[in-house]
Amino acid sequence: MSEFGEHLQNQNQNHIKPSKNVKPFNNPIVDVDPTLSLSDSLLLKILGKLPDSQQSNNDVSLVCKRWLSLQGRRLHTLKVLDFDFVLSGRLVSRFPKLTHVDLANAACMNPPVNSGILLCHKSITLHLPSDSSNWDFLDENLLQSDVIDRGLSVLGRGSCDLLKLVVINATELGLVSLAEDCSDLQELELHKCNDNLLHGIASCKNLRGLRLVGSVDGLYSSSVSDIGLTFLAQGCKSLVKLELSGCEGSFDGIKAIGQCCELLDELTIADHRMDDGWIAALSYFESLKTLRIFSCRKIDSSPGPEKLLRSCPAMESLQLKRCCLNDKDGMKALFKVCDGATEVSIQDCWGLSDDSFSLAKAFRRVRFLSLEGCSVLTSGGLESVILHWEELESMRVVSCKNIKDSEISPALSSLFSLLKELTWRPDTRSHLSSSLEGAGIGKRGSKFFKKSVLH
């Protein structure tokens, strides 16, 4: 090395040699969570501002234990799939602010999750074994009632804010235990319900909505008779909404509900197994505004003397869906009791012939009519009824294949021109359905339907 190079190397070494009085500078990466200074309430507000797509996944709960706990407090509605999660107490510790809990899908023992057969029935969803032809699979594989009751007890002790519960195969003891701790419970859905269970319904003092499911063909069977309906009537006098699905009973049970539940304004009857004569009991519902009848094989084959069929004074809406309507006596009684309805909706019902629909002349003040999937009804049958309704303002006709454009009379076309709103799609070949938009149909004074056009 040259003399100049050695001199330069010595100069550099002397220059970088640290002084004894100077401490070396350290700048480690600080690993501190900046959100620790934020209160739980403030952090919850911040997390609440996240887009729905980010709130629905689990990314937030994976950040740290604190965020996991906060995310659990933000969840209010949960459908439980594993009942052990309830029995262990992890449900209420992990999600302490739950208000809506669905336990119906967690009550099946050892469901074959790898099966390619998925059975869905309203709020119940379960996998069926592919090599089994047993249609009573759910009924035979439900958890025992005492196990369900223990789960309700655990849930009650940790969920004082509970407002709605869906449960299957519970007993009176479990229901009473839950109600003692969850006094604010407002909505209850009881599957595989029976009379004994309803004996404890009075413990739910603030109940406003109730859905009872007795028997479901192919899933499970149970019995709700007049005895259970009377327990319900005497214990739930503040009910506003009630659904009876797969329930038995008769005139006496329905009458008791009408007399005791004075605030009830919505009643749904689904797949009923009630004795004949029950329709006359609807006359005792003083506040009933909406009556829904779904999935019924019959309405009422023998409704009894006409003098017992009084109008429901507050009735506003009658809705029929997936029902057999070929029973003229039952239809006549139903329309008589609901003759004050302003809205009438009939969807996917079979047996609604012109003769059956002619009984709808009993309605006194219909303003809105909806017909969908009524394949037997003809244009003449429709016309014979709606021309009697002086207050009709809106109408909807969809998928009623025997109602033809070519059969619309001048009187009917004149009525159409006066309607405020008209949806007309009786079948896919309807010429009118493609011409309604922009043609002024549904506006008073419209001249679209003229005699010359129809011919």
Item to complete: Using a/c under 1.5 as the rounded threshold, could you call the stretch 240-329 rounded, prolate or oblate? The axes a ≥ b ≥ c are square roots of the C-alpha gyration tensor eigenvalues, and prolate needs a/b larger than b/c, oblate otherwise.
Response: rounded
Worksheet item: For the stretch 230-326, what number of Lys pairs, 8 or more residues apart or on separate chains, have alpha-carbon atoms under 18 Å from each other?
Response: 8
Worksheet item: How large is Rg over Rh for the stretch 156-243, taking Rg from the Cα atoms and Rh as the Kirkwood inverse mean of 1/r across Cα pairs?
Response: 0.95
Worksheet item: Sorted by packing (mean other beta-carbon atoms within 10 Å per residue), highest first, where do 302-313, 338-349 land?
Response: 338-349, 302-313
Discussion item. Which of the three applies to the stretch 136-180, rounded, prolate or oblate, going by the alpha-carbon gyration tensor with a ≥ b ≥ c and a/c under 1.5 meaning rounded?
Written reply: prolate
Worksheet item: Tell me which aspartates and glutamates have Cα within less than 13 Å of residue 97's Cα, excluding those fewer than 8 residues away on the same chain?
Response: 161
Practice prompt. Work out the charge dipole of the stretch 241-308 with +1 on the Cβ of Lys and Arg and -1 on the Cβ of Asp and Glu about the Cα centre, then indicate which of 296, 285, 269 is farthest towards its positive end.
Written response: 296
Worksheet item: Is the stretch 182-308 best put as rounded, prolate or oblate by its Cα gyration tensor, with a ≥ b ≥ c the root eigenvalues, rounded for a/c under 1.5, and otherwise prolate when a/b is larger than b/c, oblate when not?
Response: oblate
Item to complete: Evaluate the relative contact order of the stretch 254-356 (contact order divided by residue number), counting alpha-carbon pairs under 8 angstrom at least 6 apart; express in whole percent.
Response: 26 percent
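Each value in this text was obtained by applying a stated rule to the coordinates, not by laboratory testing. The structure displayed is predicted, hence computed values, not measured ones. Backbone-built Cβ (ideal geometry, glycine too); neighbour counts: all protein chains shown.
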